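**Q** My questions will all concern the structure given below.
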Amino acid sequence: MLAKKIETALNNQITVEAESSQIYLAMACWAEVKGLEGVAQFMYDQSNEEREHMLKLVKFINERGGHAKISALKAPNVTFGSFQEMFQMLHDHEILVSESINNLVHITLEEKDYATHNFLQWYVAEQIEEEAMARTILDKINLIGDDKGGLYLFDRDIQQLTVTSSASTPDE
Ligand code: OFO
């Protein structure tokens, strides 16, 4: 059985994951209309992953005797100054998500909820991977800057990253 405090904290995380999914969906759309198919596909995949993260939380809360609450979401940015800016936002957002997961883990220790603590370890590991990927991409795009040829090659390369990342995501 979930303590109220844990249930509320997990429900807040549902909102964080759902908003992440929307943010990345908006990024996918912007990349698509800008003609960067590889980036668009990468962001669609990221958006789907975030929805999976949200669903895992929904199922966990309901299975543990709580009630997963689906809330309204903040509207994401739909346009960006540049791809550099967009990937900087992605990177910064993942750092925020990691902080949010860390806070949740902290609450489970305070409340001595070891089952939820154990469940959250998957998210801790996932965030390490996502932060690393966001950093790798940001480093690359910062090197490219506004160079059109570089962006063209980057658009092709990022599809490889998509393959590696989805291959290493455990399916549950
Ligand atoms: Fe990338 O945020 Fe979910 O966990």
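**Q** Taking 0.36 nm per intervening residue step and subtracting the Cα-Cα distance, what contour gain separates Ala72 from Glu110 on full extension?
**A** Contour length minus the Cα-Cα distance gives 10.8 nm.
**Q** Take a quick pass over the chain and tell me how many lysine pairs come in under 30 angstrom between Cα atoms, counting only ones 8 or more apart or on separate chains.
**A** Lysine pairs satisfying the spacing and distance rule in the chain number 22.
**Q** Among Thr79, Thr8, Thr116, rank each residue by its count of other Cβ atoms within 10 Å, from fewest to most, as a rough exposure measure.
**A** With the sparsest Cβ surroundings first, the list reads Thr79, Thr8, Thr116.
**Q** Under the rule of -39500 (n - 2.57) per DSSP H run of 4 or more residues, summed and divided by the residues of the chain, what mean residue ellipticity at 222 nm is obtained, to the nearest 500 deg cm²/dmol? Please list the in-between numbers first.
**A** Details: 5 runs with 136 residues, N = 172.
One gets -28500 deg cm²/dmol as the mean residue ellipticity at 222 nm.
**Q** What's the extension gain from Met89 to Glu37 if we count 0.36 nm per residue and subtract their Cα-Cα distance?
**A** Fully extending the segment from Met89 to Glu37 adds 16.8 nm.
**Q** Moving to a separate point now. Along the charge dipole of region 19-172, pointing to its positive end and built from +1/-1 on Cβ of Lys, Arg, Asp and Glu, which listed residue (Leu73, Val124, Val97) has its Cα farthest out?
**A** Positive-end residue among those listed: Leu73.
**Q** Would you compute the Debye intensity of the chain from its alpha-carbon atoms alone, equal scatterers and no solvent, and pass along log10 I(q)/I(0) at q = 0.12, 0.13, 0.15, 0.20 Å⁻¹ to two decimals?
**A** The calculated log intensity ratios at q = 0.12, 0.13, 0.15, 0.20 Å⁻¹ are -0.57, -0.65, -0.83, -1.30.
**Q** About the Cα centre, and with charges only on the beta carbon of Lys, Arg (+1) and Asp, Glu (-1), how big is the dipole of the chain? Nearest 20 debye, please.
**A** 460
**Q** Distances over 17 Å make up what percent of all Cα-Cα pairs in region 99-140?
**A** That tail contains 38 percent of the Cα-Cα pairs.
**Q** Glu19: net charge of surrounding residues, Cβ under 9 Å, Lys/Arg +1, Asp/Glu -1, itself excluded?
**A** For residues surrounding Glu19, the net value is -1.
**Q** Residues of region 43-73 with the amide nitrogen closer than 15 Å to a label point 7 Å from the Cα of Phe119, along Cα-to-Cβ, please.
**A** 53-70, by backbone N distance to the label point.
Read-outs throughout are calculated quantities, based only on the coordinates presented, and are distinct from any laboratory measurement. Source: prediction; values computed, not measured. Because the Cβ atoms are built from the backbone with ideal geometry, glycine has one as well, and the counts that use them run over all protein chains shown.
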